[in-house]
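Visitor: This is the structure I want to talk about, given as C-alpha coordinates.
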Amino acid sequence: MQIGRVVGQAVSTVKHPSLIGWRLLLVQLLTPDGKADGEPLLAIDNLGAGTTDLVILTNDGASAREAVGAKNSPVRWMVLGIRD
(Lines give C-alpha, C1' and ligand atoms only; values in the text may rest on other atoms or scores of the structure.)
Protein backbone atom coordinates (compact mmCIF):
# COMPACT_ATOMS: atom_id res chain seq x y z
CA MET A 1 0.00 0.00 0.00
CA GLN A 2 1.06 3.53 -0.70
CA ILE A 3 -0.13 7.06 -0.07
CA GLY A 4 -0.89 9.36 -2.99
CA ARG A 5 -2.55 12.67 -3.78
CA VAL A 6 -5.33 12.88 -6.35
CA VAL A 7 -4.27 15.35 -9.02
CA GLY A 8 -7.15 14.89 -11.44
CA GLN A 9 -9.60 12.59 -13.20
CA ALA A 10 -9.32 10.75 -16.49
CA VAL A 11 -12.21 10.62 -18.92
CA SER A 12 -12.36 7.88 -21.52
CA THR A 13 -15.05 7.31 -24.11
CA VAL A 14 -13.48 3.99 -25.14
CA LYS A 15 -12.09 1.75 -22.43
CA HIS A 16 -11.78 -1.86 -21.45
CA PRO A 17 -15.25 -3.29 -20.65
CA SER A 18 -14.16 -4.16 -17.10
CA LEU A 19 -13.61 -0.46 -16.32
CA ILE A 20 -17.11 0.70 -17.27
CA GLY A 21 -18.72 2.30 -14.23
CA TRP A 22 -15.43 2.93 -12.41
CA ARG A 23 -14.00 6.40 -11.81
CA LEU A 24 -10.48 6.81 -13.14
CA LEU A 25 -8.22 9.05 -11.06
CA LEU A 26 -4.78 10.48 -11.74
CA VAL A 27 -2.81 9.99 -8.54
CA GLN A 28 0.65 11.25 -7.65
CA LEU A 29 2.44 8.81 -5.35
CA LEU A 30 4.15 10.42 -2.35
CA THR A 31 7.31 9.63 -0.43
CA PRO A 32 7.10 9.28 3.38
CA ASP A 33 8.00 12.97 3.72
CA GLY A 34 5.19 14.02 1.33
CA LYS A 35 7.19 14.74 -1.83
CA ALA A 36 6.18 13.55 -5.29
CA ASP A 37 7.53 10.11 -6.21
CA GLY A 38 7.69 9.54 -9.98
CA GLU A 39 5.01 10.22 -12.56
CA PRO A 40 1.25 10.27 -11.77
CA LEU A 41 -0.58 6.99 -12.35
CA LEU A 42 -4.10 5.90 -13.19
CA ALA A 43 -6.14 4.27 -10.42
CA ILE A 44 -9.73 3.07 -10.21
CA ASP A 45 -11.93 4.49 -7.45
CA ASN A 46 -15.38 3.69 -6.11
CA LEU A 47 -15.08 5.71 -2.89
CA GLY A 48 -15.52 9.20 -4.37
CA ALA A 49 -12.06 10.69 -3.76
CA GLY A 50 -11.72 14.24 -5.03
CA THR A 51 -8.90 16.38 -6.31
CA THR A 52 -6.21 17.06 -3.67
CA ASP A 53 -7.46 14.22 -1.41
CA LEU A 54 -4.85 11.94 0.11
CA VAL A 55 -5.68 8.34 -0.75
CA ILE A 56 -4.42 4.91 0.21
CA LEU A 57 -3.61 2.82 -2.86
CA THR A 58 -2.77 -0.75 -3.65
CA ASN A 59 -0.84 -1.94 -6.68
CA ASP A 60 -1.97 -5.53 -6.22
CA GLY A 61 -3.33 -6.15 -9.71
CA ALA A 62 -4.96 -9.44 -8.69
CA SER A 63 -7.20 -7.82 -6.08
CA ALA A 64 -8.02 -4.92 -8.43
CA ARG A 65 -9.01 -7.37 -11.18
CA GLU A 66 -11.14 -9.25 -8.65
CA ALA A 67 -12.86 -5.98 -7.70
CA VAL A 68 -13.77 -5.23 -11.32
CA GLY A 69 -14.78 -8.84 -11.92
CA ALA A 70 -12.52 -9.63 -14.89
CA LYS A 71 -9.36 -11.72 -14.90
CA ASN A 72 -8.17 -10.08 -18.13
CA SER A 73 -8.63 -6.48 -16.98
CA PRO A 74 -5.66 -4.11 -17.49
CA VAL A 75 -6.24 -2.51 -14.06
CA ARG A 76 -3.39 -2.49 -11.55
CA TRP A 77 -3.86 0.43 -9.11
CA MET A 78 -6.96 0.83 -6.92
CA VAL A 79 -7.98 3.30 -4.21
CA LEU A 80 -8.56 1.48 -0.92
CA GLY A 81 -9.33 4.45 1.29
CA ILE A 82 -9.36 8.23 1.69
CA ARG A 83 -7.01 9.53 4.35
CA ASP A 84 -8.32 12.08 6.87
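Residues are listed down the side, and each one gets a yes or a no for (1) assigned to a loop (DSSP other than H, G, I, E, B); (2) modelled with pLDDT under 95; (3) at negative phi; (4) in contact with a helix residue (DSSP H, G or I) (Cβ under 9 Å, 6 or more places away or on another chain):
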position: G4; (1), (2), (3), (4): no, no, yes, no
position: V7; (1), (2), (3), (4): no, no, yes, no
position: T13; (1), (2), (3), (4): yes, yes, yes, no
position: P74; (1), (2), (3), (4): yes, yes, yes, yes
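Visitor: If you scan region 1-24, which residues turn out to be surrounded by 11 or more Cβ atoms within 10 Å (Cβ to Cβ) and either among the acidic types (D, E) or in contact with a Leu (Cβ under 7 Å, 6 or more places away or on another chain) (or both)?
Guide: Q2, I3, G4, R5, V6, V7, G8, Q9, A10, L24
Visitor: Okay, next question. Does region 45-72 hold any residues that are open to solvent by 40 Å² or more (accessible area, probe 1.4 Å) and in a loop (DSSP other than H, G, I, E, B), and which are they?
Guide: Within region 45-72, N46, L47, G48, T51, T52, D53, N59, D60, G69, K71, N72 qualify.
Visitor: Here's something else I'd like to know. Can you tell me which residue within region 25-44, out of those that are surrounded by 13 or more Cβ atoms within 10 Å (Cβ to Cβ) and closer than 15 Å to R83 by Cβ, is farthest from the chain's Cα centre (by Cα)?
Guide: That would be L30.
Visitor: Here is a further query. Taking the stated definitions as given, is R83 of a type in the set (K, R), touching a residue at least 40 places away in the same chain (Cβ under 8 Å) and open to solvent by 70 Å² or more (accessible area, probe 1.4 Å)?
Guide: It is true that R83 is of a type in the set (K, R), touching a residue at least 40 places away in the same chain (Cβ under 8 Å) and open to solvent by 70 Å² or more (accessible area, probe 1.4 Å).
Visitor: Still on this structure, please answer the following. If you check V7 against the conditions, is it of a type in the set (A, V, I, L, M, F, W, C) and more than 18 Å from I82 (Cα to Cα)? Don't jump to the end; show me each part of the working.
Guide: On the way: of a type in the set (A, V, I, L, M, F, W, C): yes; more than 18 Å from I82 (Cα to Cα): no.
Spelling it out, it is not the case that V7 is of a type in the set (A, V, I, L, M, F, W, C) and more than 18 Å from I82 (Cα to Cα).
The values are calculated or read from the model by the stated rules, or taken from the named source; none is laboratory data. Since this is a predicted model, take the numbers as computed values, not measurements. Here the Cβ is made from the backbone with ideal geometry for all residues, glycine too, and neighbour counts use every protein chain on show. Surface areas here come from the heavy atoms of the whole protein model, side chains and all, with no ligands, DNA or RNA. Shrake-Rupley method; radii C 1.70, N 1.55, O 1.52, S 1.80 Å.
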